[in-house]
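Enquirer: Can you keep this structure in mind? I'll have questions shortly.
The values are calculated or read from the model by the stated rules, or taken from the named source; none is laboratory data. Since the structure is predicted, the reported quantities are computational estimates derived from the model, not experimental observations. Methodologically, a virtual Cβ is constructed for each residue, glycine included, from the backbone with ideal geometry; neighbour enumeration extends over all protein chains shown. Ligands, DNA and RNA are stripped out before the accessible areas are found, and what is left, the full protein with its side chains, is counted by its heavy atoms. Shrake-Rupley method; radii C 1.70, N 1.55, O 1.52, S 1.80 Å.
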Amino acid sequence: MPLFSLRPLDPKRAGPFAQYCLPQALQEANRDGGEMTFLGAVWDQSACGAAAVRWDRDRGVLISLFVDPLVRGRGVAGALLDQLLEEAAHRSVPLLLASYVLREDSLTAMDALFLRRGAKVVPLAPIFEMDSRRYHDSRFLAPAFRPAFQPDPHIQPFSAFSSEQLEELERRTEIPPFLLPSAYRKRLEPRLSLAWVDEGRVLAYILGGESGPAAYNLLSVWREAGAPASCFLRLLTAQLNLCYYRCGGDFLYTLSAVTPEALYLAERLTGGDYTLYEEHFAQLETAHTPPLQEGGEHASPLLDNGPSQV
Ligand SMILES: CC(C)(COP(=O)(O)OP(=O)(O)OC[C@H]1O[C@@H](n2cnc3c(N)ncnc32)[C@H](O)[C@@H]1OP(=O)(O)O)[C@@H](O)C(=O)NCCC(=O)NCCS
């Protein structure tokens with residue numbers, strides 16, 4: 001007797017499954033209406049988890065996978081993933097990719113999910129998460145939280161740039177490719193990304209994005225050798241101010257430390273007061289996936305195609 005069942009979900013009517021879907025995944029489904037598959041898991045007639053994949057031309061990208069803490073460790077995520085792999089095989093999509101930022105048991109379990117199925121899992125970078133409250137009394141950053149704050153006149157949001165200006169920035173060979181705005185296309189929010197502009201030339205920038213309710217990312221920072229030393233601090237203060245007012249209060253702020261300089265910056269910014277996550281990247285060749293439910297350790301999931309009534 002199966003303990004849980006799976007069912008296809010309509011992201012526009014996710015109902016009780018919505019709490020298990022990353023908000024960005026639901027927004028993406030509602031906005032683009034592209035090729036996506038959403039699955040829900042049901043335990044004892046209640047929603048208990050969900051997964052979502054976006055189908056690009058030759059690959060599936062896992063954009064959300066979450067299982068209720070009450071039923072973790074019982075094979076629900078494995079069953080969701082296997083079902084998505086079946087769908088990939090059905091679509092003749094040879095690769096499933098996933099990039100996830102997790103910690104502790106969730107990170108171990110997510111790695112195990114992919115490794116067990118033959119995936120290559122690569123650690124990308126540590127991610128530091130801070131609470132913006134810690135900056136209220138900061139000597140340098142406290143102005144970001146005051147109503148009278150005005151950004152430096154050199155600061156311009158990316159949302160004010162023309163497409164020609166953005167293209168010109170992408171052609172600047174002195175900017176490492178992994179720091180360019182194009183490297184963050186899906187996550188970058190132009191109104192939270194700010195440049196230091198002097199006589200029409202971008203000398204520095206800070207890129208930002210929204211990662212969930214009351215949660216923002218510092219995605220990338222770049223500064224030309226000749227830029228004023230204080231411009232980073234001013235860009236950062238202006239970005240924190242935008243996040244604070246957009247959120248309507250305090251928020252979680254994360255930054256990924258991909259280089260030794262970024263690691264140093266993260267340590268300075270956090271002052272040791274942070275939660276550490278890790279970003280891992282998994283690449284799974286769907287054709288090489290071993291059969292489902294190896295050794296019959298988990299109860300067999302049922303794919304229930306009936307109407308969602310949980
Ligand atoms: C990662 C997650 C989906 C796993 O869900 P789950 O239903 O508990 O996973 P399963 O029971 O299918 O177990 C998957 C694998 O992890 C292992 N595992 C599960 N919990 C574990 C734990 N606490 N420690 C070590 N391994 C663990 C299982 O043994 C299994 O490996 P195996 O097949 O080699 O035996 C779940 O922990 C979760 O939802 N975490 C939060 C994820 C999140 O924040 N998502 C949002 C961003 S996408």
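Enquirer: Among Ala52, Ala29, which is the only one that is crowded, with 20+ Cβ neighbours inside 10 Å and over 22 Å from Ala112 (Cα atoms)?
Expert: Selected residue: Ala29, the only one of Ala52, Ala29 that is crowded, with 20+ Cβ neighbours inside 10 Å and over 22 Å from Ala112 (Cα atoms).
Enquirer: Starting from the stretch 96-107, keep only residues that are outside the structural domain of Asp56 (by TED's automatic domain parsing), then list their pairs with residues that are within 8 Å of the ligand (Cβ to nearest atom) whose Cβ atoms are within a distance under 7 Å, requiring at least 6 positions of separation or different chains.
Expert: none
Enquirer: Moving on to the next point. Could you tell me which numbered condition Thr173 fails, if it satisfies all but one of (1) under 30 Å from Ala18 (Cβ atoms); (2) among the hydroxyl-bearing types (Ser, Thr, Tyr); (3) open to solvent by 90 Å² or more (accessible area, probe 1.4 Å)?
Expert: (1)
Enquirer: OK, next. Counting only residues that are more than 19 Å from the chain's Cα centre (by Cα) and among the aromatic types (Phe, Trp, Tyr), which one in the stretch 159-210 is farthest from Ala225 (Cα to Cα)?
Expert: Ranking the candidates gives Phe161 first.
Enquirer: Name the residues in the stretch 109-137 that are in a helix (DSSP H, G or I), open to solvent by less than 40 Å² (accessible area, probe 1.4 Å) and not polar (S, T, N, Q), would you?
Expert: Hits for the stretch 109-137 are Met110, Asp111, Leu113, Phe114, Tyr135.
Enquirer: Do the conditions hold for Leu3, that is, is it at pLDDT 95 or above and within 13 Å of the ligand (Cβ to nearest atom)?
Expert: no
Enquirer: For the stretch 38-60, give me the residue count where each residue is out of contact with any Ser or Thr (no Cβ under 8 Å at 6 or more places or on another chain) and either within 12 Å of the ligand (Cβ to nearest atom) or not in a strand (DSSP E or B) (or both).
Expert: Going through the stretch 38-60 one residue at a time, the tally reaches 7.
Enquirer: Looking at Ser64, Ser106, which one is within 15 Å of the ligand (Cβ to nearest atom) and open to solvent by 30 Å² or more (accessible area, probe 1.4 Å)?
Expert: Ser106
Enquirer: While we're on this one: I'm trying to understand the selection: among the residues of the stretch 86-100, which are open to solvent by 10 Å² or more (accessible area, probe 1.4 Å) and within 16 Å of the ligand (Cβ to nearest atom)?
Expert: Matches in the stretch 86-100: Glu86, Leu97, Ser99, Tyr100.
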